[in-house]
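Have a look at the structure below, then the notes.
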Amino acid sequence: MAVSSPADLVFLNGEVLTVDDDFSVAEALATRGGQIVAVGKASDVQDFIGLQTRVVDLAGRALLPGINDSHLHGCALGASLPPLEVDVSYPAVASIEEVKAVLLEKASTLSPGDPIVGNGWDLGYLEECKNDPSRLPTRWDLDEVTGNNPVYLQDFSRHVAWVNSAWLQLAGLTGEEEAPPGGVIGRNDDGMTGLFYEGAQELVQRVLPDLDADRRHAAINATLAWLREMGITSYTEPGLGPGGTALMGGAMSDLVLDTYTEMAREGELTARVNVLWLPCSMTGSAAEVAANLVETRLPADVDPRVLRVIGAKIFADGIPPNKTAWMSDEYVGGGHGSLCVHGHTETERELELTQMLRLVHDAGLQAGVHVTGDAGIDAVVEGFTQAAESGKRWDARHYVIHGDFLSPTSM
């Protein structure tokens, strides 16, 4: 018997991986309005085929569930794509000279003083730096081709920014500024080199072009289009909130969550989005967490199957390539990195981090903690343990994000 509302799309004659409790494999599937309405044998979906139904013959091929990306800065990705930003990523750009060539071409299309913002360079792939590990990119490299055009280039990891002298002037930096706790400013005998690591990026990010509502909307749509091509149907935005105002050009701010909320209401989100609330910056404190760990539930008219806040994001340290991950063993060239939260000593920073995690825990949220060094991970795990021992809840399931290096203590 034909159904009153035919399906929009029907797949036949394939191996449909259902991922149900038994991981059963069906041969046909029907959807309507973006939801599955029937799955099973061909006979189970036959009645859902109408005159306007698109029927796809899988011819024995497999039909997979949509892929989930557990860590995707969706707005930042879209904002970093041309034409919003210049692409200086590997393999298209594999040397400092090639970066300069891209910037020279871009500058030729602009008026003096117009800023150039780019994204994607990778220290590990820049030819000059591979040949000589002591050779790092500098502002003077960029000055050679950009003249009066301020240049801001975010690296692929989003943990170091490379700017030219005009950008330093635009940001009002004199060269005497000190890095915030956990941040690093590149310097040599000639002054600031133009590299700003971790929380120190805030000094140069504060003059990035405003990521207004239209650009936020365009950026998210660009990412959604890219995800559709990849078969990714859900993802986690790992950090949106007041702590992200100065991160990734504003692509991690609470305003981005407002844009997601509007798009969810209008039915524009073509992927399901989970969000980690970001109560504090990369150089955060317990006081900042306490002030910003406010009500994180979305309005009642937003479908939680499409958009929801699932926990809170905390930054604990940096990343190994920048030597800002907190490591037990010394880096080549010296230093161990450190925790990036407030505190003058590692002991003070460990106590601060533990308090930050306890606040998230007691608020009933799951904590996702960016941490990469083995000493940093040990400190985070200890913070998780102390929070759990409070006895207030046993459903936390806090987790580390990235977790590059593990010590025997945390395994």
Fill in: Leading residue by the ranking (farthest from TYR152 (Cα to Cα)) among those in region 186-200 that are surrounded by 24 or more Cβ atoms within 10 Å (Cβ to Cβ) and of a type in the set (Gly, Ala, Ser)
GLY199
Discussion item. Quick check on region 33-54: of everything there that is touching a strand residue (DSSP E or B) at 6+ places or on another chain (Cβ under 7 Å) and in a helix (DSSP H, G or I), which residue is farthest from GLU15 (Cα to Cα)?
Written reply: PHE48
Worksheet item: Can you tell me which residue in region 302-351 is surrounded by the most Cβ atoms within 10 Å (Cβ to Cβ), limited to those that are in a helix (DSSP H, G or I) and over 21 Å from the mean Cα position of the chain (by Cα)?
Response: ARG349
Fill in: In region 209-225, the residues that are touching a residue at least 60 places away in the same chain (Cβ under 8 Å) and open to solvent by 30 Å² or more (accessible area, probe 1.4 Å)
PRO209, ARG215, ALA218, ASN221, ALA222
Discussion item. Among (1) out of contact with any helix residue (DSSP H, G or I) (no Cβ under 7 Å at 6 or more places or on another chain); (2) part of a strand (DSSP E or B); (3) open to solvent by 30 Å² or more (accessible area, probe 1.4 Å), there is one condition HIS370 misses while meeting the rest; what is its number?
Written reply: (3)
Item to complete: Run THR146 past the list (1) open to solvent by less than 30 Å² (accessible area, probe 1.4 Å); (2) within 24 Å of GLU198 (Cα to Cα) and report the number of the one that doesn't hold.
Response: (2)
Practice prompt. For region 9-24, name all the residues that are out of contact with any Leu (no Cβ under 6 Å at 6 or more places or on another chain), open to solvent by 60 Å² or more (accessible area, probe 1.4 Å) and at pLDDT 95 or above.
Written response: GLU15
Practice prompt. Give region 283-296 a look and list any residue that's assigned to a loop (DSSP other than H, G, I, E, B) and either touching a strand residue (DSSP E or B) at 6+ places or on another chain (Cβ under 7 Å) or open to solvent by less than 70 Å² (accessible area, probe 1.4 Å) (or both), or say none.
Written response: THR283, GLY284, SER285, LEU293, THR296
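The values are calculated or read from the model by the stated rules, or taken from the named source; none is laboratory data. The structure displayed is predicted, hence computed values, not measured ones. Reconstructed Cβ throughout: ideal geometry from the backbone, glycine too, with neighbour counts over all protein chains shown. Just so you know, the surface numbers come from the protein's heavy atoms only, side chains and all, with ligands and any DNA or RNA stripped out. Shrake-Rupley method; radii C 1.70, N 1.55, O 1.52, S 1.80 Å.
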